[in-house]
Each structure stands twice: as C-alpha cells, then as structure tokens.
Amino acid sequence: MRIAFIYCILIILFTNCQSNEYSYADYDEYYREYYTEMYSTTVMGSVKLYKLEQEFMQILKKSTIELQKQINMIQIYLKYFKRPKCSNQNECKKYVAKPLNAFRLMRRIHQDWPQWLKLIKSGNEADYIKQLENEIVPKLPESHDMLEMLKNLHRVETTYGIRVHDYANGKMPKTQSNWTLTVRDCVTMGNYGYQIHDYQRAGMWYQYALNQRPEVNGESYKQMLGDPLDHARLKYAQTILIHEVHRNEPALAMQEIRDEVEQVLSEVDAKSINDLVNDRLHQSVTEFELNDNQTTVYNRYKHRWAHMSGCRGMFRQHTNLVCRYNFTTSPFLQLAPMKLEEISLDPYIVQYHDVLSDNEIEDLKREGIKGTMINGWTSLKSSNATENESRTIVARVAIMSPSLEIVQRINRRIIDMTGFNIEESKTIQLAAFSVGGFFMPHYDYLYDRLLDTDVLKKLGDRVASVIFYAGDVTEGGATNFPRNQLVVQPKKGSALFWYNKFDDGSPDPRSLHSICPVVVGSRWTITKWIHQDSQMFLQPCSLQPSSST
C-alpha cells in the first residue's frame, strides 16, 4: 500500500506541467451566456469555423513568401494537412456534422493555429499579418467554446459506451467515419477527462496516444507546437496511480489521497515513474478500465442508467401497437385525416407522421436563423455554485412569434392533432442540437417548482407536450422515456405527442423523458407546451384511480 501511495506523488509532482485547462469564469455576463453564438453548439457554427480556418490557411500560404527561414516547416505542415474541399454549404455541413471532424477542426484552430500565427508574426509587419490580427484572430474560438466541444464529445463517448480505440478511428455505434484523431487530438481528449476527474477515460486516451506511431513530420511539429507525448506520459502516470490507490483504499476521498501523496513526495524518482508508465503501456486497455459505476459523468442523475440504456438501444421493442388514421380529434380531420402511430397507450404517447412538409421546415429554419437564436442551457442560472457548475449549453433555441404565417399553420395543426385550445399561448420553440446536444431526464410539467410564477397564474401548468422533428438525424438524438422503456427516433416531418399530467391535474411521473446525445448530424425540433387552464371545458377534471399513480 505504501508503494502505491509513493507512486501517487506524481499527481502533485507534475501539477505544474503544461495542460489545457478550461473554465466557465467568462460565463458570468448575461449577454455572453445567452446571446453569444458559440461555434460548438450548432452545425452552422462549425461551418463558420470551417470557413474561418480556410481564410487562415490562405493567409498562411501567403506568409511562406516572406518567411524564408520557416518556409520548409510551413510547407511540410500544409502538405501533411489534408481535408476535403467544400464547394457549397451542404458539403460543409456534411463534413462538420461528423463529431471527429468538428472536434479536430476546433482543436486545430484553438491550439495549433495561434502557434503558427506567432511564427509568421515574428519580425514581420506585412499586410497579411495585419489582416490576420484584424480579421481572423478576433473570430477564433475561445476557451469556453473548446470546453463545450470537449464536453459534447465526452458525453457521446460515455453515453453510448464507445471504446477509445473505436472513437479515435471514427467508429460510432452505427456509422463509420473516414477521419481519425491525431495524437494531439487524443491527448486533448485525455486532458479533458483528467480535468473533470474522469480518470478512467483520461487514462485510456493517454494510453492510446502513447501507443500510436510517431506523427508524420513529428519533429518539425514538435519545434513549433511542442511534444504532446511528454505531457501525456506524466498525466498517464497520474491516472494509473489514482486508480491504484483508489482500488486499495476505496473509502479514501480523492483529497485524502492527494494529502497522503504530499507526505511522501520526496520518496519517488523519475526512473520509477518511467518504469511504471512503460509497464502499463504493454497491457491491454481493458485491463486498465475501471468499473462503469466509478465514472463520475452521470452519477448525480437518478435515472442515468435508464437514460443510457435507452440511448444504447437496450430497451425491448413494443410490437403490439398499431398505425391508423386519426379522423376524430377535430372536424377538419374528417376531410384530411392524419397518420398516427401508437407508441404507448398507457401512458398515452403517439407519433403523427407527415405533418410538416420540407418547405415548411425550411421556412421555419430560415425564420429562426434570421431572428434571434440564443443558447439553450440545461437549467436556469442559480445562486448555488454547485448547480451552476453542472449547467451546460445543449442547443441553440429561438421563440417563434405567432405573427408568422408558418407558426400559425403549425398551431392549427397542433389543434387538429390534440383537440386542445392554444389560444392563450401561441408561441413555439425552435431548437437546433449539434453533436453532443442532449437533455437529461426531466419533466415538462412545472408543478411545485414554479407554482407562483406569473406564467402559471395565467396559463396553468403544462398538461401535454408536442415535439415536431424538423429533420432526420444521421445517428443519435432520440427521445427517450426511461420509466416506460420507450425510445422514439427522430423522423423528419413527424410529431410526437404525450400527456404530462393525469386528468385530475396531478403530475404523471411516467412522462419523464430525455434526449439522447446527437452522434452524427444535427437535431432540429419544434416544441409546443400545452397549458392546463385553457382546457377547462375540453378536458374536465376527473379523479385518477390510485392504482394508476
């Protein structure tokens, strides 16, 4: 046990080594929090990042004329640097919709390009330098944008249980990408895992990076960008030692482990560290893995395992339900019935098909992008620091005005589908989820959380919910009902409808639902919450049998 603790002093010994640490310190300002569009939150944001890098590359090529001493180094980088050319917007969207492409793009611009900028700026006052400083640098992603990208990738990795080797080589649960992660990419993934105390994943990423072949033209890159493997070896040793101490003394808190290590700091030499790392590099990744219940990613969520099981496709298929036409909800449906698929009868969950046309979807997206789309967070800002630390951006959202003709058409369609009155609340919410976009299990009803708000006093609680799918998702993005073990895949033009409350107005806990992280592509949805007070004469209150609650 003493040896394990001695090994663990590496945690303290190397805490001053260079790493990429990210913080939410800049998120305090309201404007930045909600209105600053981040590259990492939408596919369109990644498209802008792609074009920004294209401008950077063009200027970097010009710099080779002026920088004779560094020209060989830059040419080597440009020769090695390969990515497909996007001739139009759709090709760019298709490229950045793949998570590894979006991540590599973000990491290069955030970490590598500033180093190249320093190189070509040294002793040079050419016009293209001024262009870089004035037009390109102000648009570079900041640390919080990089943080969101890393959180999104980590979320996809852990939710779907993707192995590091597969993830690094573009192998997702259902799709395969031709692009892979570089050693620098893998070390960055490991750094993030270490930063959030997910030492299991951090160690696996470091181990994978250290076992890879040297980069092509690696020595030239080291001169400019530094050697990522030096940092990886140190951090990998730390993850090994944390694991060893925790395995031998599971009752010890991490801080206790660190305190004990400080006491034996002087008892370790560098050779012992290198021997430990070299020994573990010859073991398979599976030998290093910790048990899933030791990961810290979802441990604060009560229904995390049901959420993850649903996203991984582990729920059984329900085959005893039917598809039919709905003629009865409104008089209009007698002339134009809607296609209805029964997802569940108790609780009542149905999916309407072909209720949005492609043109209507494009109109909605155009109006949403043209208007004000803001950052959609997992929760409201709280005075509690711990709660704020768990907040994250999940999508870009826009509240669509009922004055828009397309919104009026959708509202009429909702009335036909549900039979409810929505006269007092005609707005709808448009949302765009990029790679990693998700929402953990939650209820749409507000009930005891916001009973005193002006909105509820006027409209009542959310008795039902409707979600329109404004696009197909290549992989991921399903709507998950963990209590009922039901998963609904996004289908362009369809709409999902369910009740949040019983007829007596009490909450139905079976309405708990979540959104599985988007793996590839983007998830566009239109959400409508139907409030209770307007349904007074349409849905009379009746007592709910105790057996159903």
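Put simply, the amide H of Glu475, placed in the peptide plane, has neighbours under 5 Å in Val519, Val520, leaving out anything fewer than 5 places away on its chain. Cross-link partners of Lys365 among lysines, defined as those whose alpha carbon lies under 19 angstrom from its own and excluding same-chain residues fewer than eight positions apart: Lys48, Lys93, Lys94, Lys426, Lys491, Lys492, Lys528.
Rounded if a/c is under 1.5, else prolate if a/b beats b/c, else oblate: with a ≥ b ≥ c from the C-alpha gyration tensor eigenvalues square-rooted, which is the range 173-213?
Details: a/c = 2.19, a/b = 1.44, b/c = 1.53.
It is oblate, given that a/c is not under 1.5 and a/b is not larger than b/c.
Computed from backbone phi, the HN-Hα couplings of the range 175-184 come to 10, 10, 9, 7, 9, 10, 8, 7, 4, 5 Hz, rounded to whole numbers (Karplus: 6.51 cos²θ - 1.76 cosθ + 1.60, θ = phi - 60°; Gly and Pro given as x). Taking every protein chain into account, the 1.4 Å probe leaves Arg324 with about 100 Å² of accessible area, to the nearest ten. Accessible surface of the range 110-236, 1.4 Å probe: 47 percent of it comes from carbon and sulfur atoms.
In terms of accessible area, using a 1.4 Å probe and ignoring ligands and nucleic acids, Arg213, Arg83, Arg391, Arg247 rank largest first as Arg213, Arg247, Arg83, Arg391.
Rounded to the nearest whole Hz, the Karplus-based 3J(HN,Hα) values (6.51 cos²θ - 1.76 cosθ + 1.60, θ = phi - 60°) of the range 426-441 follow the sequence 9, 6, 10, 10, 9, 9, 10, 9, 8, 4, x, x, 7, 7, 6, x, with x at glycine and proline. Expressed per residue, the C-alpha convex hull volume of the range 172-245 stands at 102 Å³.
Relative contact order for the range 151-225 using alpha-carbon pairs under 8 Å, separation at least 6, rounded to a whole percent?
About 22 percent, as a whole number.
Taking the square roots of 5 times each eigenvalue of the Cα gyration tensor of the range 325-370, largest first, gives ellipsoid semi-axes of 26, 16, 8 Å.
The values are calculated or read from the model by the stated rules, or taken from the named source; none is laboratory data. Keep in mind the model is a prediction, meaning the values are calculated, not measured. Heavy atoms of the whole protein, side chains included, go into the accessibility calculation; ligands, DNA and RNA do not. Shrake-Rupley method; radii C 1.70, N 1.55, O 1.52, S 1.80 Å.
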